[in-house]
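These notes are about the structure you will find just below.
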Amino acid sequence: LVAKDESPIAFDHDCREGICGMCSLHINGEAHGPDRGITTCQLHMRMFKDGETISIEPFRAAAFPVIKDLVVDRMAFERIQQAGGFISVNTSGNTQDANATPISKHAADEAMDAAACIGCGACVATCKNSSAMLFVAAKVSQYALLPQGQVEATDRVLNMVKQMDEEGFGNCTNTGACEVECPKGISLENIARMNREYLIASLKG
Ligand code: SF4
Ligand code: FES
């Protein structure tokens, strides 16, 4: 294409080390290709046979419209984050030292595991319903497990789930495909935790 003075195929990438979540490609029918626990930029050519034809498509989901060639718009994830994926911290100069609040090792580990989500969208691309539940559950969980996340906990889960629905993501039907394809090993347990958080918040509301 370049030799013919045409534009090369457009695709997204940034970090090339599995941390930015930009390289959203469906390769030979699988999000991030035929390997587990990796993003496209971590996929090695040794996973393919000599002379094999490799088929590459953009992530397909109504909430991830294709911008050009293999580039999709994942801003829906950003809007879900903006709806509640944050905590408020007093920055007036009297900020409490983070270590002043004891957190159990178990809670810290689980919060850290949830926070490993890089927002790549493989869970959505893999789900037959294009559900974003694993992504949203990871973002809700990373705060729900920590004392710092309790202040906005009720509004957070209600607002993030509302935004998720408004963006047009499908419902979760517990097939578990998202967990299999997630490059960061985000567990389905996070979805169960978010459902509990949502139920409690709904009863309070
Ligand atoms: S839950 Fe996993 S697959 Fe989904 S956006 Fe986060 S890292 Fe990507
Ligand atoms: S380019 Fe950043 S995760 Fe692949």
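Given the conditions (1) in contact (Cβ under 8 Å) with a residue 24 or more places away in the chain; (2) in contact with a helix residue (DSSP H, G or I) (Cβ under 7 Å, 6 or more places away or on another chain); (3) within 16 Å of ligand 1 (Cβ to nearest atom), report the number of the one that residue 35 does not fulfil.
(1)
Could you tell me which of the residues 180, 136 is at pLDDT 95 or above, touching a helix residue (DSSP H, G or I) at 6+ places or on another chain (Cβ under 6 Å) and not in a loop (DSSP other than H, G, I, E, B)?
Values: 180 fails: touching a helix residue (DSSP H, G or I) at 6+ places or on another chain (Cβ under 6 Å).
That would be 136, the only listed residue that is at pLDDT 95 or above, touching a helix residue (DSSP H, G or I) at 6+ places or on another chain (Cβ under 6 Å) and not in a loop (DSSP other than H, G, I, E, B).
For the structure I just gave you, tell me whether residue 142 is modelled with pLDDT under 95 and not in a loop (DSSP other than H, G, I, E, B).
Details: modelled with pLDDT under 95: no; not in a loop (DSSP other than H, G, I, E, B): yes.
It is false that residue 142 is modelled with pLDDT under 95 and not in a loop (DSSP other than H, G, I, E, B).
Which residue, of 116, 137, is touching a residue at least 12 places away in the same chain (Cβ under 8 Å), within 16 Å of ligand 1 (Cβ to nearest atom), touching a Gly at 6+ places or on another chain (Cβ under 8 Å) and not hydroxyl-bearing (Ser, Thr, Tyr)? Before the answer, list the steps.
Numbers: 137 fails: touching a Gly at 6+ places or on another chain (Cβ under 8 Å).
Step by step, each of 116, 137 is checked, and only 116 is touching a residue at least 12 places away in the same chain (Cβ under 8 Å), within 16 Å of ligand 1 (Cβ to nearest atom), touching a Gly at 6+ places or on another chain (Cβ under 8 Å) and not hydroxyl-bearing (Ser, Thr, Tyr).
Taking the criterion of being under 17 Å from residue 178 (Cβ atoms), assigned to a loop (DSSP other than H, G, I, E, B) and out of contact with any strand residue (DSSP E or B) (no Cβ under 9 Å at 6 or more places or on another chain), would at least one residue in segment 44-51 satisfy it?
Taking segment 44-51 as the starting set, the residues that turn out to be under 17 Å from residue 178 (Cβ atoms) are none.
Within segment 44-51 (the criterion being under 17 Å from residue 178 (Cβ atoms), assigned to a loop (DSSP other than H, G, I, E, B) and out of contact with any strand residue (DSSP E or B) (no Cβ under 9 Å at 6 or more places or on another chain)), the answer is no, since none of the residues qualifies.
Restricting to segment 83-107, and then to whatever is surrounded by 13 or more Cβ atoms within 10 Å (Cβ to Cβ) and touching a residue at least 60 places away in the same chain (Cβ under 8 Å), can you tell me which residue is nearest to residue 178 (Cα to Cα)? Spell out how you get there, then give the answer.
If we filter segment 83-107 for residues that are surrounded by 13 or more Cβ atoms within 10 Å (Cβ to Cβ), which is where we start, we get 83-87, 103, 107.
Now restrict to residues that are touching a residue at least 60 places away in the same chain (Cβ under 8 Å): 83-87.
On the way: 83: 23, 84: 22, 85: 20, 86: 24, 87: 27 Å.
Of everything passing the filter in segment 83-107, 85 is nearest to residue 178 (Cα to Cα).
The values are calculated or read from the model by the stated rules, or taken from the named source; none is laboratory data. Just so it is clear, the structure is predicted and the values come from calculations on it, not from any experiment. Neighbour counts are summed over all protein chains in view; Cβ atoms, including those assigned to glycine, are modelled from backbone coordinates with ideal geometry.
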